[in-house]
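All of the numbers you see were taken from the coordinates with simple rules; none came from a lab. For clarity, every value in this text was computed on a predicted model and none was experimentally measured. Cβ placement follows ideal geometry from the backbone for every residue including glycine, while neighbour counts extend to all protein chains displayed.
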Amino acid sequence: MDQYTNKYHPDFVPGTYNIYSSLNLENGVLYKSKLKKQGDLILIPQPSDSPNDPLNWSKTRKYLHFAIMAFITAFTAATSNDAGSTQDSLNEVYGISYDAMNTGAGVLFLGIGYGTLFLAPFSYLYGRKLPYIISIGLGLIGAIWFGFSKSTSDTIWSQLFVGISESCAEAAVQLSLTDIYFQHQLGSVLTGYILSTSVGTYLSPLIGNYIANRTTFRWVGWIGAIVSGVLLLVLFFATEETFFERNRYVTPLSSKQSINGLDNGTTLNSSEHSGDNNDLVEEHDLVEEHDSADEKTVDGDEKKTTVITRSQKDPEATEELIDGSKEKMNSYWKRVALITPASNLKGWGFKQYWKHIVINLKMFCFPGIILSGCFWGMQNAFLSFYLTTEDTFFYDPPYNYSNAGVAMMNVPCLIGAVIGCVYAGTISDYIVLWMARRNNGVVEAEFRLYFISLTAIFGSAGLLMFGIGADRMLARPVMYIGLGFIGFAYGSAGDIALGYVMEASELVLESMVCVAVINNTISCIFTFTCSLWLEASGTENTYIALAVINFGVSMLAIPMIIWGKDARRMTKKWYLEFLEVRDGI
């Protein structure tokens, strides 16, 4: 079992873990572990006994936090996609060109991607809440600025602030969700996350058109500002901090490692305390084996603290772990505090901030992160193409759609995205567990990648149906079904890409930052080249090329399925180094 729980075990591979407690492992040795479980499922990560551990929150607290995170995701996605509903008015009233609006969209993507990079370190230094406050606060400024737009510079630079507001939904939200949910729940959790993104992305043009038609185009920005203001109040007073330094607490896993005397310089000290339920796990309860060298016991009936070394680099360094069962629930004001500084924060944390930035940039060394960024980035890039095509073809005969009619074309995409999210999220959770049972209880991160096959097929088919259908003016159902398939690919690719990254590494925030940078850089590039490509190659040829690209990028999952574990094993040294540096900063 150590090879799945102890990062310093020679056979440990990041992204490979045992999730079933009832299956035989390691040459038939049966573990009767006191690791915390849900049925037969081993809980990963192992929660502490502290009432302040977010993994121990009640369902009500978790649902409330999830709802707030989902709303942030949907709202920021909506504000990042509603500017298009105002472009006709801005062009007519102020002569702001469509090219300028397109430039604003490119700047927005840069704001999302690189805002994610530069805000991410705050989550580890000052708690999870501060990045949300900064992001939504900047979004408030951007929305007000956009509402008062009168020039090209207004429409472009306001979008930078709006883009930064969505950056919190690109990495910080995922980190907050991993704070409160276990590994085996992440597929379903990501379903909610990607669904929220899809709702905001696809419904915002419809909502924006409704607002602009009922009032003026300025209210698109002003309503965004009003909602941002209300959301800031919710963040201040109703959003609990999820930052919890679990490595400072006693868990069944830390106790197990102490007693088994692992090869990372582990030591064990104890002093008196009472409470049978909090006794460290005895060796014979962890594994049935008869090697006398491993039969170790802990003297003394009562224990208070565990002292355990954390690093191979400094075997003499020890850390006193906290018995969480003795803690009281934090007060309301502490739970909703704006800043929760890390225990290792030095001064204002300026030097530590830049060290975190360096770690984030080094994460580009991992092939799986590059692949996930491409999966998610291409789907966002395709969004620019079919939105442009809708604007080009469907206002004119034979369709003669109004602004609202064109915006309604996003509804099939949303329906497809919902189905894709359920397929690659909730359903994939059950299938991954089934695959684990067939694999001796062991989960490999690449199990998630098997689901990309339908994304490749339906996504490419949808691009062909919509692109060729629009160019040849085929019947509307052909294009609507095509948009539904495109939406399916959007929802499922996002779930698969983010799920794979979260399965493969404890460096969740750092991985998500890299995915966000890749994703939004790709989106920015295609935003500027989309119209040029369509004009140069024609709609039909462009969409044929996009379908081939979608299929080709999706099929990159095959070599990762075959050699992904080898890649994770080869980069293990980097992984452990980055993990130690991050936790030791």
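Values for this structure:
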{"quantity": "On Cα atoms only, tilt of 129-147 relative to the major axis of the chain in degrees", "calculated": "10 degrees"}
{"quantity": "Extended-chain gain in nm, criterion 0.36 nm per residue less alpha-carbon gap, K59 and R214", "calculated": "51.8 nm"}
{"quantity": "Cut-off under 5 Å, modelled amide H: who pairs with Y20 long-range", "calculated": "I42"}
{"quantity": "Y8-Y450 FRET efficiency (beta carbon distance; Förster radius 45 Å; 0.05 resolution)", "calculated": "0.90"}
{"quantity": "Degrees separating the helix 98-125 axis from the principal Cα axis of the chain, which is the longest one", "calculated": "10 degrees"}
{"quantity": "Top positive-direction residue, dipole computed over region 45-244 with Cβ charges, set V230, S149, F243", "calculated": "V230"}
{"quantity": "Spin-label pair A545/T426, simplified geometry with 7 Å Cα→Cβ offset, distance in nm", "calculated": "3.9 nm"}
{"quantity": "Cα-based shape type of region 523-585, given that a ≥ b ≥ c are square roots of the gyration tensor eigenvalues and the cut on a/c is 1.5", "calculated": "oblate"}
{"quantity": "Extension reserve of the K355-S537 stretch, reckoned as 0.36 nm per residue once the Cα distance is removed", "calculated": "61.0 nm"}
{"quantity": "Mean Cβ count within 10 Å, highest first, over the residues of peptides 533-543, 215-225, 370-380", "calculated": "370-380, 215-225, 533-543"}
{"quantity": "Cα gyration tensor category, rounded, prolate or oblate, for region 352-585 with a/c compared to 1.5", "calculated": "prolate"}
{"quantity": "Alpha-carbon centroids, region 471-517 and region 520-585: separation in whole Å", "calculated": "12 Å"}
{"quantity": "Whether the chain is rounded, prolate or oblate, judged on the alpha carbon gyration tensor where a/c under 1.5 counts as rounded", "calculated": "prolate"}
{"quantity": "Euclidean distance of C-alpha centroids, region 404-429 and region 71-116, integer Å", "calculated": "22 Å"}
{"quantity": "Extension gain from K572 to M435, taking 0.36 nm per residue of separation minus the Cα-Cα distance", "calculated": "46.9 nm"}
{"quantity": "Order by protection proxy (mean Cβ within 10 Å, highest first), peptides 73-83, 181-191", "calculated": "73-83, 181-191"}
{"quantity": "Computed E for I141/F528 - FRET, C-beta separation, R0 22 angstrom, nearest 0.05", "calculated": "0.30"}
{"quantity": "Projected label distance in nm at E245 and Y401, using a 7 Å step from Cα toward the beta-carbon", "calculated": "5.4 nm"}
{"quantity": "Region 45-244, dipole about Cα centre (Lys/Arg Cβ +1, Asp/Glu Cβ -1), debye to the nearest 20", "calculated": "300 debye"}
{"quantity": "Separation of the A238 and R335 label points, Cα + 7 Å toward Cβ, nm", "calculated": "1.5 nm"}
{"quantity": "Charge sum, other residues only, whose C-beta stays under 15 Å from Y543's C-beta, Lys/Arg counted +1 and Asp/Glu -1", "calculated": "-3"}
{"quantity": "Relative contact order [Cα under 8 Å, 6+ residues apart], the chain, whole percent", "calculated": "22 percent"}
{"quantity": "Theoretical FRET efficiency, 1/(1+(r/R0)^6), r = Cβ-Cβ of K346 and K37, R0 30 Å, to 0.05", "calculated": "0.20"}
{"quantity": "Net charge dipole size for the chain [Lys, Arg +1 and Asp, Glu -1 on Cβ; Debye, nearest 20]", "calculated": "1200 debye"}
{"quantity": "Angle between the chain longest axis and helix 152-167 axis [Cα atoms, degrees, rounded to 10]", "calculated": "30 degrees"}
{"quantity": "Mean-position separation - Cα centroids, region 33-48 and region 211-256, in angstrom", "calculated": "29 Å"}
